[in-house]
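One structure is given here, and the rest of the page talks about it.
The values are calculated or read from the model by the stated rules, or taken from the named source; none is laboratory data. Owing to the predicted nature of the structure, the values given are computational and were not obtained by experimental measurement. Note: ideal-geometry Cβ built from the backbone for every residue, glycine included; neighbour counts use all protein chains shown.
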Amino acid sequence: NQASLQRPEIKLESLKEDIKEFFKISGWEKKLQNAVYSELSVFPLPSHPAAPPEHLKEPLVYMRKAQGSWEKRILKSLNSMCTELSIPLARKRPVGEQKELLNKWNEMGTDEPDLSLFRPVYAPKDFLEVLINLRNPNYENGDSLSFRTHLGLIQVPLKVKDIPELKECFAELGLNTGQLGIDDSTQVPPELFENEHVRIGQKVLAEQDSAAAQQYVRQGSPTALRAELWALILNISSQPEDILYYEQLKTNVIQHDLLVDSLIYKDVKLTASNDDYYFVFEDYLYQVLLCFSRDTSVLSHFAYNSASPPKSYIRGKLGLEEYAVFYPPNGVIPFHGFSMYVAPLCFLYHEPYKLYQIFREMYVRFFFRLHSISSHPSGIVSLCLLFETLLQTYLPQLFYHLREIGAQPLRISFKWMVRAFSGYLATDQLLLLWDRILGYNSLEILAVLAAAVFAFRAVNLMEVTSLAAAEAVLADLSTLKVMPLLQIFLFATVT
Amino acid sequence: MAGKVKWVTDIEKSVLINNFEKRGWVQVTENEDWNFYWMSVQTIRSVFSVETGYRLSDDQVVNHFPNHYELTRKDLMVKNIKRYRKELEKEGSPLAERDENGKYLYLDFVPVTYMLPADYNLFVEEFRKSPSSTWIMKPCGKAQGKGIFLINKLSQIKKWSRDSKTSSFVSQSTKEAYVISLYINNPLLIGGRKFDLRLYVLVSTYRPLRCYMYKLGFCRFCTVKYTPSTSELDNMFVHLTNVAIQKHGEDYNHIHGGKWTVSNLRLYLESTRGREVTSKLFDEIHWIIVQSLKAVAPVMNSDKHCFECYGYDIIIDDKLKPWLIEVNASPSLTSSTANDRILKYNLINDTLNIAVPNGEIPDCKWNKSPPKEVLGNYEILYDEELAQGDGADRELRGRPGQSLGPKAGRSRDAGRTVLTTWK
């Protein structure tokens, strides 16, 4: 301000240097760097100046069209449930109900509303059917089978990486690099890798450098440092205004009831409440997801998401744009298993507002790609194709056998990838996997892990003769150690 | 002499019977010649009672120590620990050091407890010092949460006052004896829920003391949200974590049974609180278990025919301090979920591997030192013989709160785990 500029120490000649120096000392330089780095990680690379905004969402027309039809279906399903049950999409709560909810805020899990009439809007397998029917109208597969023919369920020509490319991409997972999840097991003396790795982690945290943290967690994050490292990578710092914002969302929940709230309740009751690891955090899940539905700041991610928020109209004003609202307010309709995106984070963050911020950022950076139709390399379509291609190329006998018995591998692995393996792996293993998602800023590792799991159980799978039997072999992943599986598949398989 | 082990049990539980059968052991009745008897606590009383004059031979093993109640009865456990502390204090042992408020630094792990009606007046004195505190009344001889209630007013336990005109005969017999302990009203909450820890500890001999900790303990969560509010005092679902009680609550889930593995607990605590305080907590838990065993060792009849698998109940408060609530001689072998069944099956399996080596007819004269390979999911918690071999100066270095070297639970030294580095 004016007054401080008048001070004798401020010299015009050195102002630029002084400000730079001030930034460095006060830590603001680092914060700015982190913020810029964060933006770069999230937003796509600059494209052609004449490209319209839809291209930022999704460059391929047929994909956009498919996403559009899928959205119409979901919305139709939601609206018909609404009509059938005569429940409004949204309503203001009477004061008595508001008070009651406020009292029960920390234990909404004990509330047992009658949810029997609600059904999830869709389940992963419904979404899979849509992806299976995706076709690029400009691409002619040809009727004759050749060795190039893709034998899997996904029939669109997207470019996916092969193992040599994956090895380059995931270089830090190589055999000669120390990893948490392998080199910290009890048989390995900690002096060989773990102690030094922890020391470096503490240094990264002290420096508060997002880019360094992201690079660091490629080798896995020590349990005690993970919460802070993820927050640093996601550039979450929990300022007072963030806490206030969360409280404001909470107020919205108290004041208004949304139909999607019942869907959220049902989902939590069906999934997380029955999970050996996450049942403890049931109440936190409501506190996060109900607020999430009302968070309009989430709408900004639709700029780069192929999906668009469903629009609804105030009663009686159908079609009139001035009366259009996004529904739910954050534009995201939860599906069966959605709450499992939040559940593992409860092991790291126990303050609701912090948990909320981390989840929201994870969603707008990664999770949204797992249930929208796009050509993005981390999008679910590419992941499915990557999975199938890896299997067909490197485990052809297994792939062919499973296909012959009517057990297309993707039918089993799809649900793992859509949930980013949450609820399928033991929590400590899941967190090691998500370390790498953050570290590489990509979801491709999910497809690689899915293929690695099939490779690991190949012997048993070769002996099954039905889809049900194949499902049984792969029903329990809770004993798997993800890092050795990934390492063997990528770096120790003959290519 | 490859005869098959003959077993008897008066506890009809599949986790036991399946383990006997898989070893090819032969079931007999208690009147025949048996080698192994897994008995209930009522039976052990009669086997070792003076009237029966039962003499066990060298090829007979039983699963309880004759006077296990020195540890497993709530009032006797407290009595023995108090006695142990006073003895250490008299010896001038550094373990018995107190802080400026008179609290033991290293041996304060049992909540303040009094016997009723014997200590009624002492209790009243203590109660009046902090009148807003809550106390928990537990019958000495019962289990599974039976007969337990909370009080926060003296009037609620009028019956146990020695001067009470109504008490006449009732409170004098041991059957009606109660202990009253300060209720821990600041338990560590996870997801807003209260929980306690159930850990299994196998003792193969008390003199010398040799005990093993089962690595797969679990946390038992209350189904209802914890609230310290006084209006909820009567709601046992909030306060008691016994599965027997929780099972009847509306929210009880039969898939996970409200249980978490100890490794989940560790992961959660390390992630949210850091490694040092988590390791310190687990070190302290091991410490209090060993101290409780040392406290009763002098009065325990360390009969060579006996071993015992105890169920330790521990509560952690919000300062990450563990408290010993009680020790069970007959931890439940009922399985409430599929995971539970597997855990208990493996528990019995590993216990039998240590107590009856090689599954062969036992010889109770053996040195009770099983090789490391048969431990299964057990790890050595404390081995007095090994510890003594290191010299007395180890004692000072090993108290909780001081760095104990590599973290507990990750054994790197061949032949001995870090759990035995202190005495």
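Got a number for residues in the range B:295-314 being under 14 Å from the mean Cα position of the chain (by Cα) and either of a type outside the set (A, V, I, L, M) or outside the structural domain of residue B:210 (by the TED database) (or both)?
6
Given the structure, is residue A:172 away from every other protein chain (no Cβ under 11 Å), surrounded by fewer than 21 Cβ atoms within 10 Å (Cβ to Cβ) and under 26 Å from residue A:426 (Cα atoms)?
Yes: the conditions hold for residue A:172.
When you check residue A:320 against the structure, is it more than 24 Å from residue A:166 (Cβ to Cβ) and of a type in the set (A, V, I, L, M), yes or no?
Against the criterion (more than 24 Å from residue A:166 (Cβ to Cβ) and of a type in the set (A, V, I, L, M)), residue A:320 qualifies.
Going through the range B:192-206 one residue at a time, which ones are more than 22 Å from residue B:112 (Cα to Cα), buried (at least 22 other Cβ atoms within 10 Å of the Cβ) and within 14 Å of another protein chain (Cβ to nearest Cβ)?
Passing the criteria: only B:193.
To keep it simple, each residue is scored yes or no on (1) within 21 Å of residue B:110 (Cβ to Cβ); (2) modelled with pLDDT of 80 or more.
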{"site": "B:121", "(1), (2)": "yes, yes"}
{"site": "B:126", "(1), (2)": "yes, yes"}
{"site": "B:133", "(1), (2)": "yes, yes"}
{"site": "B:139", "(1), (2)": "yes, yes"}
{"site": "B:143", "(1), (2)": "yes, no"}
{"site": "B:148", "(1), (2)": "yes, yes"}
{"site": "B:151", "(1), (2)": "yes, yes"}
{"site": "B:158", "(1), (2)": "no, no"}
{"site": "B:161", "(1), (2)": "no, no"}
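Being among the β-branched types (Val, Ile, Thr) and under 18 Å from residue A:397 (Cα atoms) is true for just one of A:482, A:473. Which residue is that?
Answer to the selection: A:473.
When the residues of the range B:289-314 are narrowed to those that are of a type in the set (Val, Ile, Thr) and surrounded by fewer than 23 Cβ atoms within 10 Å (Cβ to Cβ), which ends up nearest to the other protein chains (Cβ to nearest Cβ)?
B:314
Conditions first: (1) touching a helix residue (DSSP H, G or I) at 6+ places or on another chain (Cβ under 7 Å); (2) surrounded by 14 or more Cβ atoms within 10 Å (Cβ to Cβ); (3) of a type outside the set (A, V, I, L, M). Residue A:79 passes all but one, so which condition is the exception?
(1)
Among (1) outside any helix (DSSP H, G or I); (2) within 14 Å of another protein chain (Cβ to nearest Cβ); (3) in contact with a strand residue (DSSP E or B) (Cβ under 9 Å, 6 or more places away or on another chain), which single condition is residue A:349 missing?
Of everything listed in (1) outside any helix (DSSP H, G or I); (2) within 14 Å of another protein chain (Cβ to nearest Cβ); (3) in contact with a strand residue (DSSP E or B) (Cβ under 9 Å, 6 or more places away or on another chain), residue A:349 misses just condition (3).
Step by step: first the residues of the range A:246-274, then only those that are more than 12 Å from every other protein chain (Cβ to nearest Cβ) and of a type in the set (Val, Ile, Thr), then the one that is surrounded by the fewest Cβ atoms within 10 Å (Cβ to Cβ). Which residue is that?
A:251
Residues that are under 23 Å from residue A:138 (Cβ atoms) and loosely packed, with under 12 Cβ neighbours inside 10 Å: does the range A:53-68 have at least one?
Within the range A:53-68 (the criterion being under 23 Å from residue A:138 (Cβ atoms) and loosely packed, with under 12 Cβ neighbours inside 10 Å), the answer is yes, since at least one residue qualifies.
Counting residues that are within 11 Å of chain B (Cβ to nearest Cβ), which helices (runs of 4 or more DSSP H) fully inside the range A:186-245 reach at least 2?
A:194-207, A:223-233
What helices (runs of 4 or more DSSP H), lying completely within the range A:375-473, carry at least 3 residues that are over 24 Å from residue A:274 (Cβ atoms) and either modelled with pLDDT under 95 or out of contact with any strand residue (DSSP E or B) (no Cβ under 9 Å at 6 or more places or on another chain) (or both)?
By residue number, A:380-394, A:396-404, A:427-440, A:444-456, A:458-462.
Which of (1) modelled with pLDDT of 95 or more; (2) touching a Cys at 6+ places or on another chain (Cβ under 6 Å); (3) assigned to a strand (DSSP E or B); (4) among the hydrophobic types (A, V, I, L, M, F, W, C) does residue B:314 not meet, given it meets every other one?
Answer for residue B:314: the failing condition is (2).
Only one of these conditions is not met by residue B:269: (1) touching a Leu at 6+ places or on another chain (Cβ under 9 Å); (2) more than 14 Å from every other protein chain (Cβ to nearest Cβ); (3) over 30 Å from residue B:369 (Cβ atoms); (4) of a type in the set (A, V, I, L, M, F, W, C). Which number is it?
Result: residue B:269 fails condition (2) only.
Collect the residues in the range B:70-113 that are hydroxyl-bearing (Ser, Thr, Tyr) and either under 14 Å from residue B:292 (Cβ atoms) or in the same structural domain as residue B:290 (by the TED database) (or both), keeping them in residue-number order.
Within the range B:70-113, B:72, B:84, B:104, B:106, B:113 meet the criteria.
Taking the conditions exactly as written (under 22 Å from residue B:380 (Cβ atoms), modelled with pLDDT of 90 or more, facing chain A (nearest Cβ under 9 Å) and buried (at least 21 other Cβ atoms within 10 Å of the Cβ)), does residue B:278 satisfy them or not?
yes
If we scan the range A:286-295, do we find a residue that is surrounded by fewer than 22 Cβ atoms within 10 Å (Cβ to Cβ), closer than 21 Å to residue A:57 by Cα, touching a helix residue (DSSP H, G or I) at 6+ places or on another chain (Cβ under 7 Å) and more than 14 Å from chain B (Cβ to nearest Cβ)?
Checked against the condition, which is being surrounded by fewer than 22 Cβ atoms within 10 Å (Cβ to Cβ), closer than 21 Å to residue A:57 by Cα, touching a helix residue (DSSP H, G or I) at 6+ places or on another chain (Cβ under 7 Å) and more than 14 Å from chain B (Cβ to nearest Cβ), the range A:286-295 yields at least one hit.
I need the helices (runs of 4 or more DSSP H) fully contained in the range B:60-133, keeping only those with at least 3 residues that are surrounded by fewer than 18 Cβ atoms within 10 Å (Cβ to Cβ) and touching a residue at least 12 places away in the same chain (Cβ under 8 Å).
By residue number, B:120-129.
Please give the number of the condition residue A:222 fails out of (1) touching a residue at least 40 places away in the same chain (Cβ under 8 Å); (2) within 30 Å of residue A:391 (Cα to Cα); (3) not small (Gly, Ala, Ser).
(2)
Residue B:19: at pLDDT 90 or above, assigned to a loop (DSSP other than H, G, I, E, B), surrounded by 15 or more Cβ atoms within 10 Å (Cβ to Cβ) and touching a helix residue (DSSP H, G or I) at 6+ places or on another chain (Cβ under 9 Å), yes or no?
Judged against the criteria, residue B:19 is not a match.
Restricting the search to the range A:433-468, which residues are free of Cβ contacts under 8 Å to residues at least 24 places away in the same chain and among the hydrophobic types (A, V, I, L, M, F, W, C)?
Selection gives A:459, A:468.
Within the group A:308, A:293, A:221, which residue is small (Gly, Ala, Ser), closer than 30 Å to residue A:202 by Cα and out of contact with any Ser or Thr (no Cβ under 8 Å at 6 or more places or on another chain)?
A:221
So which residues in the range B:22-48 are part of a loop (DSSP other than H, G, I, E, B) and farther than 15 Å from residue B:306 by Cα?
Listed by number, the residues that qualify are B:23, B:24, B:25, B:28, B:29, B:30, B:31, B:32, B:33.
Tell me which of these residue B:34 doesn't satisfy, since it passes every other one: (1) under 22 Å from the mean Cα position of the chain (by Cα); (2) within 23 Å of residue B:364 (Cβ to Cβ); (3) crowded, with 20+ Cβ neighbours inside 10 Å.
It is condition (1) that residue B:34 fails.
Restricting the search to the range B:276-286, which residues are among the hydrophobic types (A, V, I, L, M, F, W, C) and over 13 Å from the mean Cα position of the chain (by Cα)?
Matches in the range B:276-286: B:277, B:281, B:282.
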